[in-house]
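**Student:** Following this message is one structure expressed as structure tokens.
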Amino acid sequence: MCKRIFSEKISTRVKVRPELEKALKLAYDIKEAAPGQEVILTVHELKRLARNAAELMTLSSQLQTAGVQLELLTGPLTGIYDPDGMGAMFFAVLAVAAQLDRNYIREKTLEGQVTAAAKGNHGGRPKVVDDDSLTFAIALKDKGVPVPQIAKKLTIKTGKNAGKSPSVASLYRALAEAEEQNAQAEAGNRRAPPPCPRPYHGARQRHRRGADGTA
């Protein structure tokens, strides 16, 4: 028995997966060269085959056309499946199951993001230049200190690069975003309508006219 192992270490969400394409091409080539030879495509788990139900159905059609069997090493449906006969139903059922599994994971991820946002954690990468460092950097920049020198004076406080200085590009980007926010705030203040004048309620003075007609 001849075996060839292909190792794919990239995410299944990536459309182009070179190692999977190589494995499929080898399986198809062997089957075409020796139609009577049993050829089995073995994968660790079903989700490594396709990103969604449509792709899995396309792959199952290709395996059926080529006469290549599919073997799953893990999961509740571990075993070898022939693309003909009951194998066709197997692929259809697995396609629906795979799509449901992905939808469930996506929904749980979104729920987690909503819960984290409610607690004030909006996810994403931690800031390379936090608010305190940015305030310090703006003050130095206003004094004429070059940005590359300012970057050397700053320290990243969180994340995998904690303790290091931010890159000059990161600092330029943070300064540009701060300037843009300030410009937008100033523009908003200029567009604000002037306050309505309050009515004048001054006291009125009555003039008594004298007998000679003078006030």
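**Student:** Exceeding 28 Å between C-alpha atoms, which entries from my cross-link table qualify? They are LYS127/LYS153; LYS15/LYS108; LYS3/LYS108. List each step's numbers first, then the result.
**Tutor:** Details: LYS127/LYS153 16 Å; LYS15/LYS108 23 Å; LYS3/LYS108 39 Å.
The pairs that break the limit, which is 28 Å between Cα atoms, are LYS3/LYS108.
**Student:** Here's another thing I want to ask about it. Given R₀ = 30 Å, FRET efficiency for ASP131-LYS108 by Cβ-Cβ distance, to 0.05?
**Tutor:** 0.40
**Student:** Another question, then. With a cut-off of at most 15 other beta carbons within 10 Å, and DSSP calling the residue loop, which GluC sites (Glu not before Pro) in the stretch 41-76 qualify? Please list them.
**Tutor:** The qualifying sites are GLU45.
**Student:** Return the sequence-ordered ³J(HN,Hα) values of the stretch 179-186 in whole Hz as given by the Karplus equation 6.51 cos²θ - 1.76 cosθ + 1.60 applied to θ = phi - 60°, using x for Gly and Pro.
**Tutor:** 3J(HN,Hα) across the stretch 179-186, in whole Hz: 5, 5, 5, 5, 5, 5, 5, 5.
Every number in this text was worked out from the coordinates using simple rules, so none of it is lab data. Just so you know, these numbers come straight off a predicted model, no measurement behind them. Every residue, glycine among them, receives a Cβ derived from its backbone with ideal geometry; neighbour counts consider all protein chains shown.
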